[in-house]
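One structure, pasted below without further comment.
The values are calculated or read from the model by the stated rules, or taken from the named source; none is laboratory data. Here the structure is a predicted model, which is why all the values come from computation and not from measurement. Cβ placement follows ideal geometry from the backbone for every residue including glycine, while neighbour counts extend to all protein chains displayed. Note: areas computed on protein heavy atoms with side chains; ligands, DNA, RNA excluded. Shrake-Rupley method; radii C 1.70, N 1.55, O 1.52, S 1.80 Å.
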Amino acid sequence: MEKTEKIFVAGHRGMVGSAICRALAKEGFANVITRTHSELDLLDTKAVRGFYMSEKPDVAIIAAARVGGIGANSAANALFLYENEMIALNTVWQAAEAGVNRLLFLGSTCIYPRMAPQPIKEESLLTSALEKTNEGYALAKISGLKLCEFLRRDKGLLYHSLMPTNLYGPGDNYDIVGGHVLPTLIRKFETAEGHVDLWGTGSPLREFLHVDDLASACLFALSLENPPNVMNVGSGEEVSIRVLAEKVKAATGSNAEIRWDATKPDGTPRKLCDTSLIRSLGWKSAIPLDEGLAMTVASYRSELASGKIRL
Ligand code: GDP
């Protein structure tokens, strides 16, 4: 990717898209274009087609999605499937129609089967049944990455995908009901009065990646002349939800008592991705969880103070 190329970042206001825009600016990419939701509805095929046809970007990075934690996904699999499917088909297919030569599609490691051997390798894709709590989201993301793979094969376009593990960082969604575990825990501990109620048993294992590490992986993937169709991006740092809760408690300085609500779902028991592919090509994460957590608690507090927080 050249510094002068015109790069479209879809979803630039989200946690991932904004991190990618920060990384692009830092690296000197000066021709980045974005559209807010009200300027361009990515569910609207005609509008997306018109946008690509008039702007003709050289590169597109698809970081737009409806995302949410286990609560939001399990309550609305239909919505997560519909919106993410439409976003994927519109942003990828219409890019190809308009002659966009290179595209990076972002998914998630929840596309892999629930019982995939751990750490999860890219080749586990579509080998057995998905986790039910986020099946809609996963199916839509699988369509998107497959569409990239097919367009690359059928039309020779350099469309490829990254599958990040659970992300966190500045600009996260701190919604207690619909958010992901890490930001939710920060908010719960920051606002606790005496105790916090956490979901499930605390035994599931998760891996967390700071979003600035993902942004660096995106630039790395886009610098490869012949990138793999799908690459995992992770930190390799796996913790139980119980240990995560202790870390967040320490990072926030809270002394709240932790209570576990086993009537809430645990979700998939373990989700550690195998990052040997991207590491073998020369990329690795740089932000350890403890450091990333401290930075994220600080950004939660400043986002809250400035009124710019997403709740
Ligand atoms: P997942 O990684 O797709 O399962 O989504 P989440 O990030 O929402 O949840 C990860 C794990 O954290 C699950 O095992 C949840 O049961 C657990 N968890 C514990 N407390 C909470 C909470 O307050 N909110 C959320 N979202 N998850 C929680």
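For the range 42-57, in order, what is each residue's ³J(HN,Hα) by Karplus, 6.51 cos²θ - 1.76 cosθ + 1.60 with θ = phi - 60°, in whole Hz (x at glycine and Pro)?
6, 7, 9, 4, 4, 5, 5, 4, x, 4, 5, 5, 7, 8, 6, x
At 0.36 nm per residue, and after removing the present C-alpha to C-alpha distance, how many nm does the segment from Ser203 to Lys26 gain when stretched out fully?
So the chain would gain 59.8 nm between Ser203 and Lys26.
Can you give the extra length, in nm with one decimal, that the chain gains between Glu291 and Lys56 once fully stretched, where that is 0.36 nm per residue apart less the Cα-Cα distance?
Gain on extension, Glu291 to Lys56, equals 80.6 nm.
Add +1 for every Lys or Arg and -1 for every Asp or Glu among the other residues with Cβ under 13 Å from the Cβ of Asn90, and state the total.
It works out to a net charge of -2.
While we're looking at this one, here's another question. Once the dipole of the chain is set up with Lys and Arg at +1 and Asp and Glu at -1 on Cβ about the Cα centre, which of Val67, Ala286, Ser306 lies farthest towards its positive end?
Val67
Find out how many positive minus negative residues lie around Met1, taking Lys and Arg as positive, Asp and Glu as negative, among other residues whose Cβ is under 15 Å from that of Met1.
-1
Cβ neighbours within 10 Å, averaged per peptide: list 117-126, 96-105 in order, most packed at the top.
96-105, 117-126
Can you compute the modelled spin-label distance between Ala262 and Asn226, with each label point 7 Å from Cα toward Cβ, in nm?
Those two pseudo-labels are separated by 5.4 nm.
Moving on. Under the rule a/c < 1.5 gives rounded, and otherwise a/b versus b/c splits prolate from oblate, where does the range 195-311 land using the Cα gyration tensor?
oblate
Once you put a point 7 Å from the Cα of Lys46 and another 7 Å from the Cα of Asn101, both along the Cβ direction, what distance in nm separates them?
With each label placed 7 Å out from Cα toward Cβ, I get 3.2 nm.
Let me ask something additional. Name the long-range amide H neighbours of Glu131: under 5 Å, sequence gap of 5 or more, or other chain; modelled H, no Pro or chain starts.
Counting only residues 5 or more places away or on other chains, the set is Arg114.
Still on this structure: Calculate the length of the line joining the C-alpha centroid of the range 128-144 to that of the range 1-69, in whole Å.
What the calculation gives is 24 Å, centre to centre.
A follow-up question, please. Could you tell me how many degrees, from 0 to 90 and to the nearest 10, lie between the Cα long axis of helix 289-306 and the main elongation axis, the longest principal axis, of the Cα atoms of the chain?
90 degrees
Here's another thing I want to ask about it. Taking R0 as 30 Å, what FRET efficiency do you get between Lys155 and Tyr82 from their Cβ-Cβ distance, rounded to the nearest 0.05?
Working from the Cβ atoms, E equals 0.70.
If you don't mind, there's one more thing I want to ask. How long is the gain from Ser128 to Ala75 if the chain were fully straight, where each residue apart is worth 0.36 nm and the alpha carbon distance is subtracted? Intermediate results must be reported in sequence, preceding the final value.
Working: separation 53, 0.36 × 53 = 19.08 nm, distance 2.29 nm.
Difference between extended and current length: 16.8 nm.
In whole percent, and with a 1.4 Å probe on the protein chains, what portion of the accessible area of the range 1-124 is carbon and sulfur?
53 percent
Calculated FRET efficiency, Lys3 and His195, Cβ-Cβ r, R0 45 Å, to nearest 0.05?
0.30
Give me a comma-separated list of calculated 3J(HN,Hα) values for the range 209-218, in order, Karplus coefficients 6.51, -1.76, 1.60 applied at θ = phi - 60°, integers in Hz, x for any Gly or Pro.
Going residue by residue, I get 10, 5, 5, 5, 5, 4, 4, 5, 5, 5 Hz, with x marking Gly and Pro.
How much mean residue ellipticity at 222 nm does the chain get from its helices, if each DSSP H run of length 4 or more adds -39500 (n - 2.57) and you divide by all residues, to the nearest 500 deg cm²/dmol?
-13000 deg cm²/dmol
Please list the non-local residues whose amide H lies under 5 Å from the amide H of Val32, H modeled 1.01 Å from N, same-chain partners needing a gap of 5 or more.
Hits under the 5 Å cutoff: Ile7.
What does the charge count near Ile120 come to, summing +1 for each Lys or Arg and -1 for each Asp or Glu among other residues with Cβ under 13 Å from its Cβ?
Numbers: positive: Arg114, Lys121, Arg206, Arg270, Lys271; negative: Glu122, Glu123, Glu131, Glu207, Glu238, Asp274.
In short, -1.
Are there any GluC sites (Glu not before Pro) in the range 147-243 that are in a DSSP loop and have at most 14 other Cβ atoms within 10 Å? List them by number.
Filter output for the range 147-243: Glu225.
Among the lysines, which fall within straight-line cross-link reach of Lys284, defined as a Cα-Cα distance under 27 Å, with same-chain neighbours fewer than 8 residues apart omitted?
Lys3, Lys6, Lys26, Lys121, Lys141, Lys146, Lys247, Lys271
What is the spin-label model distance, in nm, from Ser240 to Lys308 if the labels are put 7 Å beyond Cα along the C-beta direction?
Output for this residue pair reads 3.8 nm.
For Ala250 and Ser299, what does the FRET efficiency come to when R0 = 25 Å and r is the distance between their Cβ atoms, rounded to the nearest 0.05? Don't jump to the answer; show the numbers that get you there.
Numbers: r = 17 Å, r/R0 = 0.69.
That gives a FRET efficiency of 0.90.
Residues of the chain: accessible area per residue at 1.4 Å, in Å²? Write out the running numbers ahead of the final one.
Working: 13280 Å² over 311 residues.
On a per-residue basis, the chain sits at 43 Å².
May I pose another question? Of Gly267, Phe208, Asn232, which is farthest towards the positive pole of the range 201-281's charge dipole, taken about the Cα centre with +1 and -1 on the beta-carbons of Lys, Arg and Asp, Glu respectively?
Gly267
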